Amino acid sequence: MRADKIKQPLSSFARKSGEIFILTAKAIALIFKRPFNFRLIESHLYLDGIKSIPVIFLMAVFTGGVLALQSYYGLQRFGAEVFTGSLVGVSLTKELIPVLTGLMLAGRVSASYSAEIGTMVVTEQVDALFTFGVNPVKYLVSPRLIALVIMTPLLTLFGDFVAIMGGRLVAALVVHQNPNLFDSQLFVSLEIWDVLSGLIKSVFFGLTIAVIGSYFGLKTEGGAKGVGRATTTAVVVSSVIILVSDFFWTKILPFSLR
Amino acid sequence: MIEIRDLHKSFADKKVLRGVNLIIEPGQTTTIIGGSGSGKSVLFKHVIGLMKPDSGSIFVEGEDITKMSESELYRMVDKFGMVFQSGALFDSLSVGANVAFGIKNRKDMDAAAIDLIIERSLNQVGLSDIAQLLPAELSGGMKKRVAIARVIAKEPAIIMFDEPTTGLDPIMADMINELIIKVSADPAITSIVITHDMISAYKISDKIAVLFEGEIIETGSPEEIRNTKNAVVRQFIEGKAEGPIKIR
Ligand SMILES: Nc1ncnc2c1ncn2[C@@H]1O[C@H](COP(=O)(O)OP(=O)(O)OP(=O)(O)O)[C@@H](O)[C@H]1O
Ligand SMILES: [Mg+2]
């Protein structure tokens, strides 16, 4: 009985991981099979990417601002407040903005993917796709995956820029640091690899969000309640994967620990 | 020809199909009748490859679809069209895009030809000027008819209708009966219909099969079914609450 209690969730975890892996492989392979659904990709680029700009902007401005503030006062304790620009630039582009962008999209996009696909499952629309010879993975998952793999790094880059500007603004207006000092420190210490390592991670985060949202959508059972459950699970699981995998990415990506 | 052999299917511990045997002749209309919850829709989903049986086989033109790989199934399903009991319209697409769904990737058709087919298919089910609406803007009966138009437009060789007339007014129901008869008149087209509507069953069928407690308990022409001696079938076609069928 007790062994069962441990074994069952473990085997279910293993099975689901396997299924998610297979779904990812299928969705990628089917991208290259005709017919190509450019219209679907386009609509996801717009709905899930472009329309996420406002939330990413807000998140980035305030994250950059508060980080500049805290860094300034923290560094001031040992008289190093001139380095605010360096510290802010590096922490934002390497870690904070990629991860927070991922989490924002996990909430906004992964939820909508699982809800939309889940509703299609419970109303037999996914079955209907098959009866028209259309592979649901190709029609529903592949375009979402392409859209997010393109959009997540772009949004992250946008977030990097906005956050640094936010930090610079706060440093200038609130603590009255000379913006030239902020800039010179930023350019002296920020390296291309800091930004790139964040962007590489964000490609993976985009893939995670698309696949996890789609997977739990496709697995939906039993009506409105099932759709609700799928949505919650998709958001939680994709957020956890982003947070945990971020640590390992940081360990393995070259230069990311310099 | 479609041949279903000793098909079994359970969900958890609930046995739904308990050895279904049925032959569906090519070019004919076969109607399946049976109580609500007796497994008719589940049987349909097996025939088109949406569900895998626990045991048994389904031969479509000699090939066992229960043993097919995914890519073989996608090739197979091209022959089929299925009107879902729930309609299953794609709710993010317009009515027109729904109707064109089965033909939009055909290379031999341009946009004008497709528009023509959309209009003609909708007309056949008594609808017009709704191609630009979304499924959410339709009544229940209209959704059902769009679902029928969507399948007719694809011109499949084997058409499966899951309760095509349920939820329609009597005149509209008869119009759909006439449409099924017209479509099935083509000897290249095999129709399989699920219905509770005995008027429709007698009118459209070449053969009627009765599903009861997970098995096909009787098959025959409409005339043979009408004159059956089987008490269970009698009770069903006459629509009586009293009889050997126990309502639990
Ligand atoms: N996906 C499923 N999971 C679990 N049980 C199911 C599933 N699909 C159908 N069933 C069960 O199988 C039985 C038969 O269902 P089915 O939909 O085939 O009935 P039906 O004969 O089409 O009824 P109706 O005439 O009301 O449409 C029902 O008891 C139903 O609860
Ligand atoms: Mg049914």
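The values are calculated or read from the model by the stated rules, or taken from the named source; none is laboratory data. Because the structure is predicted, anything quoted here is derived from the model rather than measured. Note: ideal-geometry Cβ built from the backbone for every residue, glycine included; neighbour counts use all protein chains shown. Areas reflect the complete protein model, heavy atoms only, side chains present, ligands, DNA and RNA absent. Shrake-Rupley method; radii C 1.70, N 1.55, O 1.52, S 1.80 Å.
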Tell me, please, whether a residue that is among the hydrophobic types (A, V, I, L, M, F, W, C), open to solvent by 20 Å² or more (accessible area, probe 1.4 Å) and under 22 Å from B:Ile180 (Cβ atoms) can be found in the stretch B:60-79. no
Can you run down the residue pairs with Cβ atoms below 8 Å, 6 or more apart or on separate chains, where the first is in the stretch B:34-45 and away from chain A (no Cβ under 14 Å) and closer than 21 Å to B:Thr66 by Cβ and the partner is near ligand 2 (Cβ under 8 Å from one of its atoms) and of a type in the set (Val, Ile, Thr)? B:Lys40/B:Ile194
Of the residues B:Ser10, B:Ser86, B:Ser57, only one is assigned to a strand (DSSP E or B), within 16 Å of ligand 1 (Cβ to nearest atom) and either surrounded by fewer than 15 Cβ atoms within 10 Å (Cβ to Cβ) or among the small types (Gly, Ala, Ser) (or both); which? B:Ser10
Where A:Ala128 falls short, out of the listed (1) in contact (Cβ under 8 Å) with a residue 40 or more places away in the chain; (2) within 11 Å of chain B (Cβ to nearest Cβ): (1)
Among B:Ile58, B:Ile65, which is more than 14 Å from chain A (Cβ to nearest Cβ), within 18 Å of A:Asp127 (Cβ to Cβ) and more than 13 Å from the chain's Cα centre (by Cα)? B:Ile58
B:Asp129 over 20 Å from A:Ala128 (Cα atoms) and assigned to a loop (DSSP other than H, G, I, E, B): yes
Name the one entry in B:Val125, B:Val193, B:Val183 that is in contact (Cβ under 8 Å) with a residue 12 or more places away in the chain, away from every other protein chain (no Cβ under 14 Å) and within 16 Å of ligand 2 (Cβ to nearest atom). B:Val193
Of all residues making up the stretch B:204-231, the number that are assigned to a helix (DSSP H, G or I) and either within 15 Å of the chain's Cα centre (by Cα) or surrounded by 17 or more Cβ atoms within 10 Å (Cβ to Cβ) (or both): 3
Would you point out the residue of the stretch B:31-49, among those that are part of a loop (DSSP other than H, G, I, E, B) and more than 10 Å from ligand 1 (Cβ to nearest atom), that is most open to solvent (accessible area, probe 1.4 Å)? B:Gly49
B:Lys15 within 16 Å of ligand 1 (Cβ to nearest atom) and in a strand (DSSP E or B): yes
